[in-house]
1. Take the cross-link list K159/K290; K103/K311; K145/K311; K83/K159; K84/K179 and give me the ones stretching past 20 Å between alpha-carbons.
2. Give me, ordered by chain and number, the residues 5 or more places off F54 or on other chains with an amide H under 5 Å from its own placed amide H.
3. Can you run phi through the Karplus equation (6.51, -1.76, 1.60; θ = phi - 60°) for region 156-172 and list ³J(HN,Hα) in whole Hz, with x for Gly and Pro?
4. Taking the highest mean first, how do the peptides 103-113, 118-128 order by number of other beta carbon atoms within 10 angstrom per residue?
5. With unit charges on the beta carbon (Lys/Arg positive, Asp/Glu negative), name the residue among S66, L109, L126 whose Cα is farthest towards the positive pole of the charge dipole of region 51-133.
6. Go through 155-164, 200-209 and give me the packing order, highest mean Cβ count within 10 Å leading.
7. Cβ neighbours within 10 Å, averaged per peptide: list 258-268, 235-245 in order, most packed at the top.
8. Show me, for region 107-119, the HN-Hα J-couplings you get by feeding each phi into the Karplus relation (A = 6.51, B = -1.76, C = 1.60, θ = phi - 60°), rounded to Hz, glycine and proline as x.
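We did not get these values from a lab; they are worked out from the coordinates using the rules stated. Quantities reported herein were computed from a predicted structural model and do not represent experimental measurements. Cβ: placed from backbone, ideal geometry, glycine included. Neighbour counts: every protein chain shown.
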Amino acid sequence: MENSCAWCGNENVVPKCSLCKKFFYCDKNCQSKHWSAHKLVCEGYTPPRSIADFEFLELLGTGNFSEIIHVKERRTGKEFALKKLEKSRVNQLRKQADVMMEKHALTRLKDIPGVVHLYETFKDDLDLYFLTEKVQGVELWNHCKVFGLREIEARFYLKQVLNTLEQVHELGIVHRDIKTENIMVSFDGETKIIDFGTAKDIQHPEVEVPGNSMRKKKFENFIGTPHFMAPECINNKDSNFKSDVWSFGCMCFYTLAGYPCFQGGSDYLIFTKALALEYEFPLIVSDLAKDFISRTLKLTGDERPNISELKEHPFIKDAPETFPIFSLKELCLETIKEKFVNSNEEFLESEFPKYQARYPCKELDYLYSRLKYNFSKETSGHMNQGI
């Protein structure tokens, strides 16, 4: 009959399939037994997401227990970044809280444009998956490593990051690992904060806070990357909004200088210098930038400004709203600096600025070839002298 149970045949049953409303069942027990056949024709059923739904394009990066893969959805042709986390490795490293926190944080921050967007999560027997937007660009670290960025360009990126970080903090979330590697820069110059696996949600204390474990003891606040960790995190005392301010200051230094402000051959030596505030600005950093960074690098959180106060500093407040355009001469000089200066900082600081005033900006090819010849010749001379 029309209203008979699809599994056992009982007549005049009332419950229907909650998805398609077409099949009748005595109870949930009958529905579960019939489900393997029913789901193939159920109009309201959506098959669970599978890794088979995607075509792998390239490996973007790897971590301790994860891989970031550039993928394309077979059905729509849309491209995404897929974070693949190995379950066994996550359990071995006791990083379950990190995974749950990243999902929680990205879900809460989904409406903030400056945070990478999480579309969905799914899993299979071996792995967990985070499907996120694919930023068409590279990490901020790729832009500033070795030589750092021109200050006007650095301020353009840092202003965006600070505005986004303010929105993150307004929702009660502390990132706890702000660094150049966790800032993506698109080819259009827009920044996105990524990697919230070590975050902390102050508004939702019921969500377990990630931390590091040693000898069965959990260090909840000893978290982050050594070169960017705030003193209170180093001492495992606290991690709060002001900890992100410290990390942001360290990132500013790195963006301008091309290397960390606190350096050492081990984590211990890095921490020792950070706790003693032992750092030195390179000559290329302006007094304005020095003042801004120095305000963020205070030993206690109470001494550091909050983000609203940082935004009022001229270093950020007067930063460009659009990507700064450089002249052919500036671009040419930058290319030479990147290609022909190895690690000879003395030559770079004393001789290179002379080239910026020596030659007028003519045709790009002429300027490039002229500077390349002279620069290579004089660099070779200094190298032969052992400088």
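1. Working: K159/K290 16 Å; K103/K311 29 Å; K145/K311 25 Å; K83/K159 28 Å; K84/K179 22 Å.
As for pairs spanning more than 20 Å Cα to Cα, those are K103/K311; K145/K311; K83/K159; K84/K179.
2. Residues meeting the amide H criterion: R74.
3. Taking θ as phi minus 60°, the curve returns 4, 6, 5, 5, 4, 4, 5, 4, 5, 4, 4, 5, 4, 5, 4, 8, x Hz for region 156-172.
4. 103-113, 118-128
5. L109
6. 155-164, 200-209
7. Packing proxy ranking, top to bottom: 235-245, 258-268.
8. 5, 6, 9, 5, 9, 9, x, x, 10, 4, 8, 9, 8
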